[in-house]
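Heads up: the structure comes next, in C-alpha cells.
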Amino acid sequence: MGALPKRKLSNSRKGERRSHLHLVPQTLVECPSCHNPMLPHRVCPTCGKYRGRDVLQLEAGKKKG
C-alpha cells in the first residue's frame, strides 16, 4: 500500500502549492511598420515583416495596412 496523507490539506495549503499555476497574459508589442499588435520577436501576421524586412509573402486579400 502506498503512502497516504494523514489529514486533509487545507484550502490555503493547497493554494500555496498551486500559486505558480496561474495564467499569464501574452505580451503584445506594436509592429513598427503597420502598428498592429503582434508577439515580440516574431513575424507580424498582418504585414509579414520582421525587423523591417519582408519575410512572408501574404496574399493580397489578407494583407492589411
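Readers should treat all values here as calculations from the given coordinates under stated rules, not as data from a laboratory. As the structure is a prediction and not an experimental result, all values here were calculated from the model. Here the Cβ is made from the backbone with ideal geometry for all residues, glycine too, and neighbour counts use every protein chain on show.
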Quiz prompt | Dipole axis of the chain (+1 Lys, Arg; -1 Asp, Glu on Cβ), positive-most option in Gly2, Gly48, Asn36 | solution = Gly2
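Explain nothing, just the number: relative contact order of the chain, from Cα pairs under 8 Å at least 6 residues apart, as a whole percent. List each step's numbers first, then the result.
Working: 49 pairs, mean separation 11.4, N = 65.
That works out to 18 percent.
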Quiz item: Magnitude of the Cβ-charge dipole of the chain, K/R +1 and D/E -1, about the Cα centre, nearest 20 debye?
Solution: 580
Quiz prompt | Global form of the chain, assessed from the alpha-carbon gyration tensor, a/c cut-off 1.5 | solution = prolate
Exercise. Evaluate the distance, in nm, between pseudo-label points positioned 7 Å from the Cα of Leu28 and of Arg53 along their respective Cα→Cβ axes.
Key: 2.7
Quiz item: For the peptides 30-40, 11-21, what is the packing order when you average, over each peptide's residues, the other Cβ atoms within 10 Å and list the highest mean first?
Solution: 30-40, 11-21
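Pairs on different chains or at least eight residues apart, Cα atoms closer than 26 Å: how many lysine pairs in the chain fit? Numbers along the way, then the final one.
Working: Lys6/Lys14; Lys49/Lys62; Lys49/Lys63; Lys49/Lys64.
Lysine pair count for the chain: 4.
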